[in-house]
Amino acid sequence: MSHPCGQMAARVGGDRTPVHSTPIHPTHDSPDTRLTRHSTHPTHDETAEAALALHIHHGPHLQALTESLSTLLAVPLPDPFAPEVIAVPTAGMRDWLQQQLSLRLGAAGRSDGVAANIEMVFPGRFVRSALGQPLSSDDPWDIDHLTWAVLQTLESNSVAVPGRPEVTSPSSARYTTARRIADLFDGYANNRPQLLQQWVLGHNGDGTLDDNGAVVPLPADQHWQPELWRQVRALIGTPSSAELLPGLLAALAQGNRPTALPARVAVFGISAVAPGQLSVLTALATALEVHLYVLHPSVVAWKNCRQQLGGRLVPRASCNATAAVRHPLLRSWARPSMEVAALLGDVPNVQFHHHPAPDNPTTPSLLRQIQADLTADHPPDGSFPLSAPPQQPDDSLQVHACHGTTRQLEVLRDALGHLFAADPTLTPHQVVVVCPDLARFAPLVASVFQRGDFPVPVQVSDLSLGADNPVGAAVSAILTVTAGRCTASDLLGLCALAPVRQRLGITNDDITLIDQWITDLGTSWGLDSDQRSEWLPPHITEGTWASTLDRLLLGAAMPAPNPRVGPGEVAPFDDIDASSLRTAGLLAELVARLRLTRSATSVSHNIHDWADILTGIIGSLCATEPTDAWQLAQVLENIGALRQQSLVGGTPCDVALTLTDIRAMLGGLLGAQTGRLNLRSGSVTVTAMVPVRNLPARVVCVLGLDEASLRSGGTDGDDVLGARPCVGERDQRSEGRHLLLDALMAAGEHLIITFDGSDITTNRLLPAPVQLAELFDIVAASIAPSATTAPAPLGSAAPGSVVSSTGPRDVAVLRRHPRQAYDERNFSLTQLPGDHVAPFGFDGRMLAAAMDRRSAQPAEIPVASLAPLIPATVTLAQLSVSCSHPARTYLLDRLDARLPREPDEIDDEIPLAVSSLEIWRLGTALLELHRSPSAHGSIGQWRAAQHLLGGLPPRALATAALDEVEGDVARLLDAAPNLRLLATHHDSQHIDLRISAPAAPGGVRLIDLITHVSGDTLVCIEFKRPAPRYEIAAALALASAVVTDPSRGWHALVVTRATSGSKPTLVHLQPIDSPDRVLAARHLLSVALEIHLQALCQPLPLFECSSRDLYDTRHVTDDTLQRDLGDASTRFFWGQHTLDDILAPGGDGRAEQFADLLWGAFRRFLPSSQSGSDTDTDDDQDAA
């Protein structure tokens, strides 16, 4: 039962002074319909007879209309238990109006009223109630029900619909087609019921009549629409609202009152009305008290409207509703409002009430001047005073040209910061930010607004179910993954979803390990061979999730230090321990559930079976914390609603739907914006434009007023209304412009607009949208010519660029911002609007970055900055790295720092070629196999295992790659006589020496183990391109062996891959044959130790290739230096320096000194060695 508190509250507020109405003549030839003023509230029964008319209240501001509505509601209805019925256009208007009425009804002067027993419904529900349906009943012609009726009719194939997909196609998208047709039929019923009335009578017309009163026929290619609609009508079995309208008129003419509505109803907050809706209101007004509250920007333009249509259906082409409008912005932006004035003109039994804006004594401003001109339909000429001198326009209207999404948010945050700082009475909840493209900005709003030294509290409203409910997003993602290829990144993304993690107990460590397994095991895409068989032959199973799990689980059962083929032709993964088994089990469980999901969703079902499947998917793969249980309940409720919506004539729809249909259905369900507003959050509200349409706020911001976001989608080619539009019907292009007008009129004190004024990549100036250029023209005409000079870009004395085509006058309120938030111009003293000089930016971290950039000195040669460090022991590897890449030693060994690397992207594709890094891995592994005495028998196993590992292309492509690698390894082993035999020897030499150096007179212990020793030969075979570092490493090992055991004839072989052709590079390192051999070896080790100790203190100008060339030829080329800079550590210290910087006297000659020091000792010990012909320091090789 409805609660009577609302009526009691109305009685408490019954002594409120009413808002006086100012009657006007709607047209020069319309009857005098003035409403008599009165100062006290009579009861509803006393005025019922006089009130039976259509009362049209209009004004430019919502607050005045709200005062009038609250005064109206203060008079109780005859039935104290009957609810007040108010139709509102949006959920946002409903929430706002509910709050505003609660501040007025029953209030005792302290905004402490109560608003209850008020039914706020949308216009469609209101019209159906007027036609006799209870407010709480389901309408079979509702768009959600109508879609299923259309779908079932389409399945009968009784009507040939052009472009309809084949039923047998697995991706036919039948539901999408049905929904689109249902949208058309629903639009006809709401906007042009005459069209459906003609179709009921068998006429294939477009709802209009020609000059002779004959039905205007549809084009022949549109005849399928009335035929299909008639069959849908027969299937539903219930008359549509368009059919019931003539009956309503007849019943009202006989004195019958609609039982579903109270004696008084109101339609509040609309800016446009269609002829069909107006006909219902005028009919109701003969039996009920009907109040229509229209928000119209200009009462003067309303009065001057020349067209008096009387609610008739008139083609738009024959009625120019803006012909008499004088203000150019009204002519361009207010056509829907002017069409309302034309439609309502000459309507019988109508009383007009004009409600002007409250006369608040506020300071004049540019924004109020523009609003006043619009309200008075006065062409802008600057006749009203500004709040600031003409040379300095105030800050009431601001337009900011930015670079991209993030910069628009940063600029808007700082602009709001200045307003908050200047006005302590301004609070965040009095600021509304509207976005033409909310999806573009919503993910970044909170993070950007909370940054800086002046964070702004913000809340994004009007999010879709998919964006606001993690469970809804998870269900959509699961269906997308199972419908697609289930790539490695897809499944990893599922693991990161909160509902999936909660359901399976997946942790961050699990996700990290799974990510590593994807790389190590070569997982690409496909749950199993069955799914992959849709695109590839079923025998190509490598890289599927099933093969990945087989390798993981088999690796846990049997070790495989070398790749081999295990049971079931599976190559076990060796790198898995007991701690990893839990993660492997979770991954196996997730894959198993996804396979079940795919099995259930790969065939067609009716909607009731699909609802069960979706419920099962949620139970299997989604869970929430107890505090978030509403997320599950909300999604399950929406899925349950699908069952009820699919009833057609009381019978469940049995059309078989594919997964494509279900995904489209859920996409519409999860993507629909609710329009709800949280008006009590205490934060800045960020929302789309429609939910807060016309809602007043002290500060209104339009975020992202860009050409792309304002571009309308055009007219649907099948939309009959679009082919011959009539006055009052919706038009996307005009509606988008009217939304901007609504935002302009709703702004109380400030209007801030941001748009992309420059290309974020090229910095090229972008033209402003046409609507913004029109606003610039109005600004230029509204203020004195001396004030129209554009403000300079931030921190610059140069004049701003022209955005519109009318000259420099159009950018008086435009300010261009630099591309980066840390640009110095953001923090220099700048002339801001309103005679205010201050830095624009509020972000202290960006200020610090700007100061760092200003104080940055030109790059200098790095100098020593750390105290000496003498370790107790060193290894040959440490000495070798210091001699070839001393920057690595400084970063890793002394600073313990790691340079950031770009994260490796997951490769979701089956490889069709082998990368150089993979070639190196294969060659190195095969080379190690050849070092084993039993290599001949294990190479076949190794090749077979490589086919199963998933990292190689499939089948013949992998065989060709393995053949190439095996050929390269064979050529390496044949580079010298008996090298194959030498490679299989596994002798070693233990090293334990004390080496002294100038920086360490007491010496440092060198402890290491030299492997790959065959007799007196050190065999160094590398599956890499030749480079000096391999010779340096071999020379140091050879020197330590000579010092350890001088009695043996030590020498070394260094074999590397060829840089071109097929011949490997062979370097024979033979120590000096003299009594000074041991002394030369010890000297080389001493030099290496000295370089190592100095590298621990500072970056050294010692380079792998350049230093060798500098020693040999006293000349270094830029190409050689660039090869050295391919190493990330070397590039970190020396990448900003040119070759001249390093070799110039400013470098103190240290580059030559270190080159002579190292390579002089090298040549002294190995005078007859021959180095390789080329070098290669590619990033891939360094990474390897």
Rounded to the nearest 20 debye, dipole of the chain from Cβ charges on Lys, Arg, Asp, Glu: 1440 debye
Convex hull per residue volume in Å³, alpha carbons only, for region 916-979: 80 Å³
Residue order, fewest to most beta carbons within 10 Å, for Ser1074, Ser882, Ser524: Ser1074, Ser524, Ser882
Sequence ranges 681-687, 1077-1083, ranked by mean other-Cβ count within 10 angstrom, highest first: 681-687, 1077-1083
For Val720, Val280, order by how many other beta-carbon atoms lie within 10 Å, fewest first: Val720, Val280
Extension reserve of the Asp211-Leu1079 stretch, reckoned as 0.36 nm per residue once the Cα distance is removed: 300.8 nm
Distance between modelled label sites at Asn349 and Ala897, nm, 7 Å Cα→Cβ extension: 8.5 nm
Leu917/Asp1141 FRET efficiency (R0 45 Å; Cβ-Cβ; nearest 0.05): 0.85
Crossing angle, helix 275-284 versus the chain [Cα axis fit, 0-90 degrees, rounded to tens]: 40 degrees
Positive minus negative residues near Ala571 (Lys, Arg vs Asp, Glu; Cβ under 10 Å): -2
Centroid-to-centroid separation of region 679-749 and region 478-513 [C-alpha atoms, Å]: 38 Å
Three-way shape call for region 143-236 based on the alpha-carbon gyration tensor, with the a/c threshold at 1.5: prolate
Where only alpha carbons of region 1044-1153 are counted, the Rg and the Dmax (Å): 17.3, 49
Ala557/Asp908 FRET efficiency (R0 30 Å; Cβ-Cβ; nearest 0.05): 0.55
Calculated FRET efficiency for the pair Thr427/Thr363, C-beta based, R₀ 22 Å, to 0.05: 0.70
Linear extension gain, Glu707 paired with Val200, 0.36 nm per residue minus alpha-carbon span: 178.3 nm
Candidate values [x] 1.09; [y] 1.13; [z] 1.00, label of the one derived for Rg/Rh (Cα atoms, Kirkwood Rh): [x]
Full-stretch length increase - Arg1131, Gln732 - with 0.36 nm per residue and alpha-carbon distance subtracted: 138.1 nm
The chain: angle of helix 366-375 to the longest principal axis, Cα-based, in degrees nearest 10: 40 degrees
D_trans [Stokes-Einstein, Kirkwood Rh over alpha-carbon pairs] for region 946-1020, 25 °C, 0.890 mPa s, µm² s⁻¹: 151 µm²/s
The chain, relative contact order [Cα under 8 Å, separation at least 6], %: 12 percent
Amide N proximity, region 497-534 versus Ala592 label position 7 Å along Cα-to-Cβ, cut-off under 14 Å: 504
Where labels lie 7 Å past Cα in the beta-carbon direction, separation of Ala877 and Asp381 in nm: 8.8 nm
Region 882-1040 shape via C-alpha gyration tensor axes, a/c threshold 1.5: oblate
Table column - 3J(HN,Hα) (Hz), region 965-979, Karplus curve with 6.51, -1.76, 1.60, x for Gly and Pro: 5, 5, x, 5, 5, 4, 5, 4, 6, 9, 5, 9, x, 6, 5
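Values in this text are rule-based calculations from the coordinates and carry no lab data. Not measured: the values here are computed from a predicted model. Neighbour counts are summed over all protein chains in view; Cβ atoms, including those assigned to glycine, are modelled from backbone coordinates with ideal geometry.
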